[in-house]
Amino acid sequence: MRTFIILALLCSSLYAAVASATNDTLVTLGETNGFGVQFALTEDESLFANWDKPAPPHYTPIFIARRGVPIFTVVVFAGVGLQKDGSANVTFDAVIHKPDGSIYGRQTDMVGVQGRIDPSPKTLQLCRDYMGIRIEPKDPAGTYTVEVFVKDNIKKLELHLKRTFIVEK
């Protein structure tokens, strides 16, 4: 029970610290054995450049993609395993599926973090790499699915999270 309460607080902190949204369904949360991940999509690429600035960054999660306007995967995590020297090793893969289920794009072995990090289990880490998605005029309308597979390579844990977005005609 205590682990669940700590996790609930951790997941609430993950969401409250970075997302400016009025609909909780715009952000997907996952947790296993103290490793928590938040996954969203945004048009705001400046989030990645502003993450380490003193003021906490904010972004707006999206669920409707505009043709020709890039959207980006936002993967934030906490509670990673650490080596004795304080280094962490988190990687992730992302796959995008078209409305018919076929693969629209895939990136593997992206870096979440590799190296020393703040050891506090509540410290939020933004994945260093991210995937950009641009829907072109010829792409089909409908619901696209984005999946991320986030791996804590020290704890040997993996979380699979999904988001969808809509492309209108």
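What the table below lists for this structure:
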quantity: Those residues of the stretch 97-115 which are surrounded by fewer than 18 Cβ atoms within 10 Å (Cβ to Cβ) and β-branched (Val, Ile, Thr), in sequence order; calculated: Ile103, Thr108, Val111
quantity: Residue within the stretch 135-149 that is surrounded by fewer than 18 Cβ atoms within 10 Å (Cβ to Cβ), at pLDDT 95 or above and of a type in the set (S, T, N, Q) present; calculated: yes
quantity: Scope the stretch 112-147; condition closer than 19 Å to Asp44 by Cβ and out of contact with any Lys or Arg (no Cβ under 7 Å at 6 or more places or on another chain); matching residues; calculated: Leu124, Gln125, Leu126, Cys127, Arg128, Asp129, Tyr130, Met131, Gly132, Ile133, Arg134
quantity: Yes/no for Gly79 being of a type in the set (Gly, Ala, Ser), on the phi > 0 side of the Ramachandran plot and touching a residue at least 40 places away in the same chain (Cβ under 8 Å); calculated: yes
quantity: Residue list for the stretch 150-163, restricted to those being part of a strand (DSSP E or B) and surrounded by 15 or more Cβ atoms within 10 Å (Cβ to Cβ); calculated: Val150, Lys151, Asp152, Leu157, Glu158, Leu159, Leu161, Arg163
quantity: Count of the stretch 45-98 residues which are within 15 Å of the chain's Cα centre (by Cα), within 16 Å of Ser120 (Cβ to Cβ) and not in a loop (DSSP other than H, G, I, E, B); calculated: 4
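The values are calculated or read from the model by the stated rules, or taken from the named source; none is laboratory data. The model shown is predicted, which means the values in this text are computed figures rather than measured ones. Cβ: placed from backbone, ideal geometry, glycine included. Neighbour counts: every protein chain shown.
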